[in-house]
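Report on the following structure.
All of the numbers you see were taken from the coordinates with simple rules; none came from a lab. Model, not experiment: these values are computed from the prediction. Note that we place each Cβ from the backbone using ideal geometry, even for glycine, and neighbour counts take in every protein chain shown.
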């Protein structure tokens, strides 16, 4: 089938798609967007998290046919106009990246959390990230990054929130 | 310019990784054919027949290969990478099984198709007829040897090694106090988020092979694949792309797929890629940790060990390509910071019908620390002494460094500690966790009906093992500095720390430094990234190479300025007379001047062309000199450098559900001089999370037929953010190593090493009965409570009657 979807604000089209393919496969192999990662293919690790019509989903669990006509945002779409989103910048500043393989999914999850709740409690942060596996960092600096991003977003543009 | 070395600067790697622009193996080669494998569903079986006929008309099929299709060395068993005299019965697997399979997941048939979906569809149509054989699963079954994994390996024993310093049996027998312990650690695994993967392109015109692989050693893969395929080393490039974690599993090479994919690419004349999926990673990559240990220890009234006699059995899985490195590390590193009196250790490495073993972060040390620290706690309990006091009394003292244990370490060299201050570390740890105030914490918790316990564990880690690493530093005419080193990166931040070192040594801004790792095109001589060696080995080599480039730059600039090299310095990328900012020449210009030219390719190059001038009485390039501002140096230390640390934890055990919660986790860590404290902290955090995971959650649940029952992230319980301690409290001690130019020691594995030991100690303290087997789940703990309640023991934290008193 033909899949047409808006990905990161741009219309993408893919032909001869088997409807049972995963959205992750379509994004990575057919639309040239390999930022979302495949680490388990069963929705346990969160590395492939993307927005589907504004809701974070594991792209490995969404069938290609389900994505037709939908709005998708991937990690590649988080940095508006080249500048890193505050969540991304906070990951750098907090030292929250090691191998980087789980990072795209964690970024989308953290981005979604702060969009819903600009000042989440400690428990809310842990809850929001509890679907994402990271083997490198032990999560501590990822938590620091989310807190830092929340503080900066609360301080508004130009504020460092420190 | 401030010094970069020692600063917690942000990583240079992160920007593109955060934009989704990382280039991991499966992000490459979208034009490549996809490989999938038919793997053994049996732990042990004879292959009677392989019928591929049903797959021949599968859509998108390109090729099907079985063992019979593999020519010459391609089909032969994979190399035994690290031979050892004690490894008398080394066996390695075939890239595709020849006549027999020895573990679930062993590759039997390779399918190549136009994409992975189609390759798997075709693989499903292939029928393999097996004659199942009895499976040997676990250490105890391997020891019993009722069945053999390999019929020509008696007792399933691959290797047997004894090391001793003094007469431990006699010392134990003569000691006033004796204990025996039986200590077990279950299998776990590295489990990086990215599995293995390999992509190969054969250039039919230049007849060169280019391989990208998710590895911890690109030079190792290059040598192994070139040998297998009969190619000259110079005709094989191996490039390590971004790697999504390794933790040891990617140090073994070549994996079957690393031989088969390049061979198929050559055979088909088309690029071929294999990307391991998660279920394959569980059954077809590697595990570690599975060992049973018997300890006999003799000690005096003060708790000083007089003799230590350890026998253990290591489960090495179906084959043993990486040799006996893991049990050698356990046998030597279990000594930790202690002087054991007389010591004897004996191990057997045993075949089982399970997937192979490779070092997993810590590499035998978590087992060793568990053995030694459980022994220390048992001694303390036996003598009713404070657990920290027993440790203090057995410590090697700073004044005794270098300390020779009289044993041979994993690098084949003497086990000699270079430096360390264990009493100081323990004092800091006690202060950090509030060891001496804990009884008040316990009482307060008890008053609320809560059960808490405290434990500690120490370790020493041999890091920076040889034989060598090298680095190349070149100053380009743009002034940019390119650094290349051969070992690979799996997310540790090597580009950042090597850039810090090079920037500092050369006197250039870090933004002018670009680092390449793990690419044989950029640097062809290397060993690999394992054993917490990258910073020590390549860091030192980068420093030496940068110093050589700096000396050359100063010499060339001094000649141009008619100044003495001794009076020159490099500041912010400008070579100048000390204290005279007006006198300088930019490094890029110095690079131009260092390379006498016939042709001017740009404006800057004109300054170095032949009619510009210079001393006409000497050759343009002096005898013994070379053009360019470069340094190429190797670092090869006489032996490993020994980092150390101590962890303490306070846990709460739920009286009803037996759930264990880590309330506090404290780390005192000494990896010598710190290059980047933030990166070291990140390594400790990640290690501790794996240590806690290994203590409380992670184990490979094989059934008796050799089927792995939990081969998915749904069932293998790796910690999420909800399972890690709230905050890891860290204090650093810095005792520089005398064995390298930067005084550094490795930091990569440290965090994981004492995990099972410290959590076991804290649970034991909370529960009042001995913990001798890890990991421990709530059901395990619940069962232990029932057993101890039935045997009449009470939960009394001050009386941990841990073990059998030896007669």
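Report the residue count in the stretch A:72-83 for those that are part of a loop (DSSP other than H, G, I, E, B) and buried (at least 24 other Cβ atoms within 10 Å of the Cβ).
Final tally of qualifying residues: 1.
Could you list, in sequence order, all residues of the stretch A:33-47 that are more than 8 Å from chain B (Cβ to nearest Cβ) and surrounded by fewer than 24 Cβ atoms within 10 Å (Cβ to Cβ)?
Selection gives A:43 alone.
Taking helices (runs of 4 or more DSSP H) that do not extend beyond the stretch A:84-162, which have at least 3 residues that are in contact with a helix residue (DSSP H, G or I) (Cβ under 6 Å, 6 or more places away or on another chain) and closer than 19 Å to residue A:59 by Cβ?
Correct list: A:103-116.
What are the residues in the stretch B:136-158 that are assigned to a loop (DSSP other than H, G, I, E, B) and closer than 19 Å to residue B:90 by Cα, if any?
Passing the criteria: B:136, B:137, B:138, B:145, B:147, B:148, B:149, B:150, B:151, B:152, B:153.
All but one of (1) touching a residue at least 24 places away in the same chain (Cβ under 8 Å); (2) within 14 Å of chain A (Cβ to nearest Cβ); (3) surrounded by fewer than 21 Cβ atoms within 10 Å (Cβ to Cβ); (4) not in a loop (DSSP other than H, G, I, E, B) hold for residue B:54; state the number of the condition that does not hold.
(2)
Out of (1) within 11 Å of chain B (Cβ to nearest Cβ); (2) assigned to a loop (DSSP other than H, G, I, E, B); (3) in contact with a helix residue (DSSP H, G or I) (Cβ under 6 Å, 6 or more places away or on another chain), the odd one out for residue A:50 is which?
Status for residue A:50: all satisfied but (2).
Looking only at the stretch B:199-220, which residues are within 20 Å of the chain's Cα centre (by Cα) and part of a strand (DSSP E or B)?
Scanning the stretch B:199-220 gives a single hit, B:213.
With respect to residue A:44, is the statement that it is part of a loop (DSSP other than H, G, I, E, B) and over 13 Å from the mean Cα position of the chain (by Cα) true?
Values: part of a loop (DSSP other than H, G, I, E, B): yes; over 13 Å from the mean Cα position of the chain (by Cα): yes.
So residue A:44 passes the test.
In this structure, is residue B:234 without any contact (Cβ under 8 Å) to a residue 40 or more places away in the chain and away from chain A (no Cβ under 14 Å)?
Taking the combined requirement at face value, the residue satisfies it.
In this structure, does residue B:285 turn out to be surrounded by fewer than 24 Cβ atoms within 10 Å (Cβ to Cβ), within 14 Å of chain A (Cβ to nearest Cβ) and within 17 Å of the chain's Cα centre (by Cα)?
Values: surrounded by fewer than 24 Cβ atoms within 10 Å (Cβ to Cβ): yes; within 14 Å of chain A (Cβ to nearest Cβ): yes; within 17 Å of the chain's Cα centre (by Cα): yes.
The answer is yes for residue B:285.
Would you call residue A:145 farther than 29 Å from residue A:5 by Cα and away from chain B (no Cβ under 12 Å)?
no
Picking from B:41, B:83, which residue would you name as being away from every other protein chain (no Cβ under 14 Å), under 26 Å from the mean Cα position of the chain (by Cα) and either under 25 Å from residue B:250 (Cα atoms) or not in a loop (DSSP other than H, G, I, E, B) (or both)?
The unique qualifying residue is B:83.
Filter the strands (runs of 3 or more DSSP E) completely within the stretch B:376-485 down to those with at least 3 residues that are in contact (Cβ under 8 Å) with a residue 60 or more places away in the chain.
Answer list for the stretch B:376-485: B:403-408, B:414-417, B:451-463, B:469-475.
Do you know which of the residues in the stretch B:117-136 that are within 14 Å of another protein chain (Cβ to nearest Cβ) and buried (at least 20 other Cβ atoms within 10 Å of the Cβ) is farthest from residue B:315 (Cα to Cα)?
Once the filter is applied, the top-ranked residue is B:118.
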